[in-house]
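A short write-up of the structure that comes next.
Laboratory data are not the source of any read-out in this text; all were calculated from the coordinates shown. What you see is a predicted model, and the numbers here were worked out from it, not measured in a lab. Positions of Cβ are generated from backbone atoms using ideal geometry, with glycine treated the same way; all protein chains shown enter the neighbour counts.
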Ligand SMILES: [Zn+2]
């Protein structure tokens with residue numbers, strides 16, 4: 001695997017803030033930690049903290065379903081845009097776009 005980000009799973013750690021945020025969700029001093037309790041990143045909205053912390057597992061899940069085969073010997077294809085692996089995802093494919101966004 002060529003990904004160079006901090007190995008997951010990531011852990012959520014946060015304190016609730018006393019102030020109300022602009023969104024209808026709890027504002028927090030949120031930290032996403034790695035397995036060594038080092039801060040991977042911070043977020044100020046509770047829901048964003050949980051979403052970011054799930055990134056490693058979501059990435060692995062997307063990679064697991066990115067290219068599927070219906071039969072042995074046939075080329076793999078994307079279950080979303082139905083393009084074959086050798087041609088890559090369509091420009092509109094959300095699965096391809098999400099995986100591309102995760103890597104620079
Ligand atoms: Zn696709």
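How many angstrom lie between the C-alpha centres of segment 24-53 and segment 75-104? With segment 24-53 and segment 75-104 each reduced to a Cα centre, they are spaced 29 Å. Rg and Dmax, both from the Cα atoms of the chain and both in Å, are 17.7, 59.
Compared with the dominant Cα axis of the chain, that is its longest principal axis, helix 55-65 is turned about 10°. If each DSSP helix of 4+ residues adds -39,500 (n - 2.57) and the sum is divided by the residues in the chain, what number results at 222 nm, nearest 500 deg cm²/dmol? So the helix-based figure for the chain works out to -7500 deg cm²/dmol. Each of residue 94 and residue 72 was given a label point 7 Å from its Cα along the Cα-to-Cβ line. The distance between the two points is 3.4 nm. The modelled label-to-label distance between residue 29 and residue 4, using points 7 Å beyond Cα along the C-beta direction, is 3.2 nm.
Packing-based ranking of 83-91, 65-73 yields 83-91, 65-73, ordered from highest to lowest mean Cβ neighbour count within 10 Å.
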